[in-house]
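Structure record follows, encoded as structure tokens.
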Amino acid sequence: MSVSPHPKRRDFLKTAAAGAAGAMGISALRFDKLFAQSTGGWVSGLQVNPAIDNKRVICCHDPKMLGNFPSSGAVSTVWESQNSYVDPSVVSINMDQMAMQLAQKTTAADAWSTIFQKPTGKAWASTKVAIKVNAIQGDTGNHPRVAVVKKICDVLVDQLGVPAANITLFDAHGDASSCYTTTYASLTDATKIRATVSKFAQSVGGMVPVTIAASTKSISGVGDLVNGVIDILVNIAVLKVHSGPGTSFQFGSCSLCMKNHLGTFMNAGSDQTTPSSTGLHVLDAIFNINKHAAILGGSPVRQQLCIVDGLLANGGSSATANVRVDRIVMGTFAPIVDYLAATSILLNSTIMATGPMPALGVTNAAIYLPQFLTNFGYATTDALQWVECTPPNWPAITGGGGGSSGSGGAGNGGTSGAGGARSGGTSAAGGTGSGGTGATGGTGGGGTGAAGGAGSGATSAAGGARSGGTSAAGGAGSGGSPATGGVPQNGGTTSGGQGGSGGVVPSSASASGGSATTGGTNAGTGASAAAGSSGTKGSTVGGGDSGSGCDIAGTDRRATRWGAMLAFGAVVAERLRRLVTRGG
């Protein structure tokens, strides 16, 4: 059989793509499941963020966040007074660290760029964000503190480039504008929450009819969420014991992220004048709300971050924030965030000593809380990850190498693996594995390039050739200590590596374009860097820049091994295409 020396471009690209997938052993079904973040709501096995385990939840415990807040007294029931005691700088620093722990990234910029996923086919400048807060009970209610909400808006505006006018705070059950007044919110004042604050649901499309199984009434949902106008949803709840109607404690004895969406969904027609959600006061209805496409639909998944402001809690059946807890909780998947926050905090008699849960609440929690997991395909026996940190004692980050750079964030991630294995190297916008990604088990410091990229000084595995890779400024010395502010974790250094067990590549490493080595050589056993050649940006496939060298259908695939292999395949295909084009 004869073979044409110049295959058609379309057939060639199809063959190359199929060959790359086949070489990696990825079936078509596996490929689709791996990259299909877009859903019409909950589907079994849905991973909210491909880079973050649904089961991972971070809790920060730091009394410095509330400063000298009184342990009792009338001031503790007034929301405005509560805010005056919060130290925004401590909250901001802690939330950065929590993001790093959640995403397992060694810089806050990389962590936030991993948590927040850019909507398919959109730039950050046109992305729409809604933040669901708890605004019921006005001045005496328990609402997310200003510093917590402001931090999220600062990340969205300052790092990712979302315009403040594209961010909206809302609660259709309570009037957010009565809490987050112009004293606290402004579109232009960087010292305040930069967002629009909606009166009920007026600024987020009003309310539209929806169908919620198990509801006893006709229900409506926030229009811009139901209709897909909102790209990213951030759920910021507060820590509350909840008795439910008739003190039945039928919500698992808590009101956290899942129940916070009573205010995203309401009784039909009740959002502007007499807010009511009584038709949803059934646990099954709460589950159905949190499986709805308005919450877990989108491309990628709309609800990308769930936070419980636990600086203060409602103790017993009280409606006021009367228990000092000094905690913030963060995760990506609301049911597991709620389960772990309830079992680790609300049911902890030591933490809740001044506002213990009533006996009926404890009894009912044991009955209903496991359903938070089982209704979403999880079990209490699963390896749930509750990581409680007490600053300054943050755990070393050893499992989140790759250091993906996202949307302008510095590509200074990449932890060196335990014992000096280069498990990810420094990422740049468009190229992972810069700095010579070591092959599995390879040694750090100029190691041999993975995925066959054996270029001078270890070419990058994903995307453009990073010949020479990224060296620490001045070249990492034989002790391998990080340069320019790099923080070695666990005290370990490797001979020639840039850090020991969990060693951190310095945050001064350049992102896109790759940083040139200055001086020269990495003192390791591998090949030396090629005189500090600057890296080139990785390929893009059907979308914007990706930290791993390519976008798949516009979806950011930073720092995953699949993203690296696919990016490598894309580069090979592109080079072959050019060869064929020149030949024909």
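Side notes on the structure shown:
- Verdict on residue 133 being over 16 Å from the mean Cα position of the chain (by Cα) and under 30 Å from residue 378 (Cα atoms): yes
- Pairs where the first residue, in the range 135-146, is among the charged types (D, E, K, R) and the second is part of a loop (DSSP other than H, G, I, E, B), C-beta under 8 Å, 6+ apart: 139/78; 145/86
- Under the condition of being more than 18 Å from residue 327 (Cα to Cα), under 21 Å from the mean Cα position of the chain (by Cα) and touching a residue at least 40 places away in the same chain (Cβ under 8 Å), the residues counted in the range 52-111 number 11.
- Total residues in the range 265-315, condition without any contact (Cβ under 8 Å) to a residue 40 or more places away in the chain and farther than 23 Å from residue 140 by Cα: 1
- Counting only helices (runs of 4 or more DSSP H) wholly contained in the range 19-104, the ones carrying 1 or more residues that are at pLDDT 60 or above and closer than 16 Å to residue 329 by Cα occupy 88-103.
- Selection over the range 202-217 of residues that are open to solvent by 100 Å² or more (accessible area, probe 1.4 Å) and either in contact with a strand residue (DSSP E or B) (Cβ under 7 Å, 6 or more places away or on another chain) or within 11 Å of residue 282 (Cα to Cα) (or both) gives a count of 3.
- Output for the range 166-182, where each listed residue is buried (at least 20 other Cβ atoms within 10 Å of the Cβ) and without any contact (Cβ under 8 Å) to a residue 24 or more places away in the chain: 177
- Number of residues in the range 127-146 that are part of a helix (DSSP H, G or I) and surrounded by 23 or more Cβ atoms within 10 Å (Cβ to Cβ): the value is 1.
- Considering the range 320-364, the residues that are at pLDDT below 95 and part of a helix (DSSP H, G or I) include one that is surrounded by the fewest Cβ atoms within 10 Å (Cβ to Cβ), namely 359.
- Taken over the range 185-201, the criterion of being under 28 Å from residue 289 (Cα atoms), hydroxyl-bearing (Ser, Thr, Tyr) and open to solvent by 20 Å² or more (accessible area, probe 1.4 Å) is satisfied by 196 alone.
- Only residues that are in contact (Cβ under 8 Å) with a residue 60 or more places away in the chain and part of a helix (DSSP H, G or I) were counted across the range 112-126, and they come to 5.
For every residue, the table says whether it meets (1) at pLDDT below 95; (2) within 18 Å of residue 148 (Cβ to Cβ); (3) not acidic (Asp, Glu).
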residue: 182; (1), (2), (3): no, no, yes
residue: 188; (1), (2), (3): no, no, yes
residue: 194; (1), (2), (3): no, yes, yes
residue: 205; (1), (2), (3): no, no, yes
residue: 214; (1), (2), (3): yes, no, yes
residue: 217; (1), (2), (3): yes, no, yes
residue: 229; (1), (2), (3): no, no, yes
residue: 236; (1), (2), (3): no, yes, yes
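- So residue 112, is it open to solvent by less than 10 Å² (accessible area, probe 1.4 Å), touching a Gly at 6+ places or on another chain (Cβ under 8 Å) and at pLDDT 95 or above: yes
The values are calculated or read from the model by the stated rules, or taken from the named source; none is laboratory data. Since the structure is predicted, the reported quantities are computational estimates derived from the model, not experimental observations. Positions of Cβ are backbone-derived with ideal geometry, glycine not excepted, and every protein chain shown enters the neighbour counts. For the accessible areas, the whole protein counts, side chains as well, though only heavy atoms, and no ligand, DNA or RNA atoms are used. Shrake-Rupley method; radii C 1.70, N 1.55, O 1.52, S 1.80 Å.
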